[in-house]
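What follows is a single structure, written as structure tokens, with notes after it.
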Amino acid sequence: MSLNYTSVIGNAHYHHAEYRILKKKLSALYSSGKRTFFDVGFGRCKFLDLAAETGFEVSGVEVNEQYIQHALAKGYNCIHLDELHKINETFDIILISHVVEHLHPEQLIEILGRYIQMLDEHGTLIIASPVHGSRFYYDITHIRPYYPQSIWHAFGGNKEELSLERSKQTLVLRDIFFIRDSFRTRNNRAYYIRDGLGIAYTGLRFVNYVLAQLYLLSGYRIGVRASWIGFYSKLSRTD
């Protein structure tokens with residue numbers, strides 16, 4: 001592992017911890033007989049690449065045309081969201097990574113319900129999403145955080161009142177991981193401004209470098225809770 005500042009800070013991010021977990025779980029799911037993988041909002045193909053390397057037949061959906069063209073150039077079967085209605089097959093694995101936090105509750109129930117219908121009867125739905133905290137609002141497109149309890153409320157077998165129309169599908173949580181991010185001192189002028197701050201700027205960089213190293217050396221364990229990854233199967237609702 002490189003010890004330079006840029007490399008350490010760049011690697012000390014919870015997305016790397018999520019990737020490590022998903023790599024291990026996808027390998028186990030493939031070994032259990034799962035073969036098709038569908039990525040919702042696949043972005044720069046990080047998880048499409050991982051699933052393909054594992055052995056899955058991969059495909060996905062996106063709204064960014066540049067990302068779609070990049071995926072097609074790699075040979076992946078990917079489409080624009082507007083074409084989703086053309087898919088008439090089901091998938092063993094459906095990954096929805098860092099998407100639900102961009103949705104309003106009504107949208108979540110409608111959109112997630114659509115992907116549940118695309119999941120094989122014995123398939124696995126994977127949801128990854130950030131938890132509430134100051135980091136959540138660094139992304140200007142985040143609308144609100146959703147927790148495992150949120151998914152259980154709308155898609156679980158509970159009888160709690162719900163002001164929105166409840167999904168006709170029931171999700172059962174089979175496994176879950178909570179991921180931490182590196183501690184980092186951000187509420188300081190020197191984090192954002194270098195000119196004229198001299199020692200304060202250098203000192204803050206050193207503090208954040210040490211915190212990042214601690215996070216990496218601990219195997220992503222020493223830090224602040226940042227996200228969760230849930231692994232679900234589905235059941236038909238009978239009530």
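The values are calculated or read from the model by the stated rules, or taken from the named source; none is laboratory data. It should be emphasised that the depicted structure is a prediction, and the values quoted were computed from it without experimental measurement. Here Cβ is always computed from backbone atoms with ideal geometry, including for glycine, and neighbour counts include all displayed protein chains. Each accessible area value is taken on the protein alone, full model and side chains, heavy atoms only, with ligands, DNA and RNA left out. Shrake-Rupley method; radii C 1.70, N 1.55, O 1.52, S 1.80 Å.
Miscellaneous remarks
Table: residues versus (1) out of contact with any Phe, Trp or Tyr (no Cβ under 9 Å at 6 or more places or on another chain); (2) under 25 Å from Ile93 (Cβ atoms); (3) open to solvent by 20 Å² or more (accessible area, probe 1.4 Å); (4) at pLDDT below 95.
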| site | (1), (2), (3), (4) |
| --- | --- |
| Leu119 | no, yes, no, no |
| Gly123 | no, yes, no, no |
| Tyr146 | yes, yes, no, no |
| Gln169 | no, yes, yes, yes |
| Arg174 | no, yes, yes, no |
| Arg186 | no, no, yes, yes |
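- Against the criterion of being open to solvent by less than 20 Å² (accessible area, probe 1.4 Å) and either under 26 Å from Ser233 (Cβ atoms) or under 19 Å from the mean Cα position of the chain (by Cα) (or both), Gly55 does not qualify.
- Residue selected from region 188-234 under the condition assigned to a helix (DSSP H, G or I) and of a type in the set (Lys, Arg), by the criterion surrounded by the most Cβ atoms within 10 Å (Cβ to Cβ): Arg205
- Residues of region 69-114 that are more than 11 Å from Val40 (Cβ to Cβ), among the basic types (Lys, Arg) and in contact (Cβ under 8 Å) with a residue 12 or more places away in the chain: Lys74 alone.
- Residues located in region 53-77, provided they are in contact with a strand residue (DSSP E or B) (Cβ under 9 Å, 6 or more places away or on another chain), assigned to a helix (DSSP H, G or I) and either within 20 Å of Lys34 (Cα to Cα) or of a type in the set (A, V, I, L, M) (or both): Thr54, Ile68, Ala71, Leu72
- Selection status of Phe37, surrounded by 19 or more Cβ atoms within 10 Å (Cβ to Cβ) and closer than 30 Å to Val210 by Cα: no
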